[in-house]
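Asks: This is the structure I have questions about; it appears just below.
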Amino acid sequence: MTASPIAFIDLQAQRKRLGDAVDQAIAKVLDHGRFIMGPEVAELEKRLADMGGARHCVSCSSGTDSLLLVLMAWDIGPGDAVFVPAMTFASTAEVVALVGATPVFCDVLGDTFNMDPASLESAIATAKDAGLNLKAVIPVDLFGQPADYPAIQKIADAHGLKVLADSAQSYGGALAGKPVGSWGDATSVSFFPAKPLGCYGDGGAVLTDDAELAQRMRSLRVHGQGSNKYDNVAIGLNARLDTIQAAVLLTKLDIFEDEIDKRQAVAARYAEGLAGIATAPAVIDGAISAWAQYTIRVTNRDAVAAALKERGVPTAIYYPVALSDQPAYAHYPRAGNGTPVSQALAGDVLSLPMHPYLDAATQDRILAALKEAVAA
Ligand SMILES: *Cc1c(COP(=O)(O)O)cnc(C)c1O
């Protein structure tokens, strides 16, 4: 009685659903041959901006580069403080360090996993004491749920901070009726294959209403070009999105809203089935998560993960170490009382299989295995 293996993220189910649409879209690019900044790139930018409720979209080579482009366009550099949550992927703080500025770590909330506004206040005091210029805050929409933008924006306004939303995991989500893409001064998105909207390689985008910011990023992604490629008005990057990846994304966009709906159903089934087993992740009022991950907190996490693996259930740990504790980042400043919630999360978070094509029967198997694993 061997049951079929369970996928953590099932990209093949999505591929099956798309049929030969992706192959055809790629073949079209191979035929027209405009591999760099071909027509699919502009078409994709338009659709992403429309769906994200933003005036402009600048696509680029990765989520990381999308964050970097914004900081470069804002001229953030040495002596500047940029506030980042401690529970996030490395990119969020990495780009700050790359432009020579100082990432200042804030703690997160234990139920939503997102930036704690009170900790942001405390981190601002730390940065002031250190004589840093207060420049920007990068809230992260961890696991797909938008951060508390209304609360963070209020603090940002009081201190003259720009808000760059790291929505690498949350494109497709919304908060208070406004889509991800329309919060803050700019929104960064990743199309890494495992993200809710993933391509078949690396890709990213920035959404913004700020025409001047968009213009600067369009220049920076092509070596700081002016009127043409051989007119260099700024130090930039080679950070364009490949036409083939744009074609893949356009095809996937056709089913994306339906996939976001399906993810809601999967998350709801988990929340119901988890009763009496573990605490379901909290979603703040008015938020729609893109459910990039479905993450619970469990005691004896590593033992539970091992027991689940034995029962054929794959899991993942995002993230096993708070970024503020990583060797490359441990020397950077942080909020007054440190990042204890992020550190606790690193010890007990566990992400369960999550994707739009997770059927109820498989979810029941996962929940049954989890029930045994936490009782063991
Ligand atoms: C994936 C991710 C990134 C980076 O995106 P890439 O496309 O892999 O460069 C940045 N921030 C967060 C929170 C992410 O999850």
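Bear in mind that the values in this text are calculations on the coordinates, not laboratory data. The shown structure was predicted, so the numbers you read here are calculated from the model rather than taken from an experiment. So basically every Cβ, Gly included, is an ideal-geometry build from the backbone, and we count neighbours across all protein chains shown.
Asks: Sorted by mean Cβ packing within 10 Å, highest first, what order do the peptides 19-30, 146-157 take?
Replies: Descending packing order for the listed peptides: 146-157, 19-30.
Asks: Still on this structure: Which whole DSSP H helices in the chain pass both tests: a Cα extent of 27 Å or more along the axis and a mean Kyte-Doolittle value no lower than -1.0?
Replies: 243-273
Asks: A further question follows. Could you work out how far apart the two model spin labels at Arg15 and Lys178 are, taking each label as a point 7 Å from the Cα in the direction of the beta carbon, and quote it in nm?
Replies: For Arg15 paired with Lys178, the spin-label model returns 3.9 nm.
Asks: Less than 14 Å Cβ to Cβ from Asn133, Lys/Arg counted +1 and Asp/Glu -1: what total charge do the surrounding residues give?
Replies: That sum, taken over residues with Cβ under 14 Å, equals 0.
Asks: Please compute the modelled spin-label separation between Ala375 and Val233, points set 7 Å along Cα→Cβ, answer in nm with one decimal.
Replies: With each label point 7 Å from Cα toward Cβ, the separation is 6.8 nm.
Asks: Further question: So what is the 222 nm mean residue ellipticity for the chain from helices alone, if each DSSP H run of at least 4 adds -39500 (n - 2.57) and you divide by all residues, rounding to the nearest 500 deg cm²/dmol?
Replies: Helix-only estimate at 222 nm: -13000 deg cm²/dmol.
Asks: In what sequence, highest mean first, do 161-169, 38-46 appear when ranked by Cβ atoms within 10 angstrom?
Replies: 161-169, 38-46
Asks: May I pose another question? Using a Förster radius of 51 Å, what is the FRET efficiency between Glu43 and Ala97 based on their Cβ-Cβ separation? Nearest 0.05, please.
Replies: E(calc), rounded to 0.05, equals 0.90.
Asks: Here's something else I'd like to know. Once phi is turned into θ = phi - 60°, what whole-Hz ³J(HN,Hα) does the Karplus curve with 6.51, -1.76 and 1.60 give for every residue of region 281-298, x standing for Gly and Pro?
Replies: x, 7, 10, 5, 3, x, 9, 10, 7, 7, 6, 4, 9, 10, 10, 10, 10, 9
Asks: Given charges of +1 on the Cβ of Lys and Arg and -1 on the Cβ of Asp and Glu, with all other atoms neutral, how large is the dipole of region 1-156 about its Cα centre, in debye to the nearest 20?
Replies: So the dipole magnitude of region 1-156 works out to roughly 340 debye.
Asks: How much net charge surrounds Gly110 when only other residues with a Cβ under 15 Å from its Cβ are counted (Lys, Arg +1; Asp, Glu -1)?
Replies: Spelling it out: positives minus negatives among the neighbours equals -3.
Asks: What relative contact order, as a whole-number percentage, does the chain give when Cα pairs under 8 Å and 6 or more residues apart are counted?
Replies: Contact order relative to length: 23 percent.
Asks: Taking every DSSP beta bridge with both residues inside the chain, roughly what % is antiparallel (nearest 5)?
Replies: Beta bridges within the chain, antiparallel portion: roughly 60 percent.
Asks: Just need the relative contact order of region 93-156 here, percent rounded to a whole number, with Cα pairs under 8 Å and 6+ apart.
Replies: Relative contact order comes out at 27 percent.
Asks: Expressed as a rounded percentage, what relative contact order does region 1-138 have, with Cα pairs under 8 Å and six or more residues apart?
Replies: With pairs under 8 Å counted, the relative contact order is 18 percent.
Asks: With labels modelled as points extended 7 Å from the Cα through the Cβ direction, what inter-label distance (nm, one decimal) is found for Asp209 paired with Val321?
Replies: Roughly 4.1 nm, to one decimal.
Asks: Counting only other residues whose beta carbon sits under 12 Å from that of Leu308, what net charge do I get with K and R as +1, D and E as -1?
Replies: Summing Lys/Arg as +1 and Asp/Glu as -1 gives +2.
Asks: Rounded to the nearest 0.05, what FRET efficiency do Leu30 and Glu257 give with R0 = 25 Å and r taken as the Cβ-Cβ distance? Could you check?
Replies: 0.30
Asks: Something else about it: Among the DSSP beta bridges whose two residues both lie in region 13-141, what percent are antiparallel, rounded to the nearest 5?
Replies: 10
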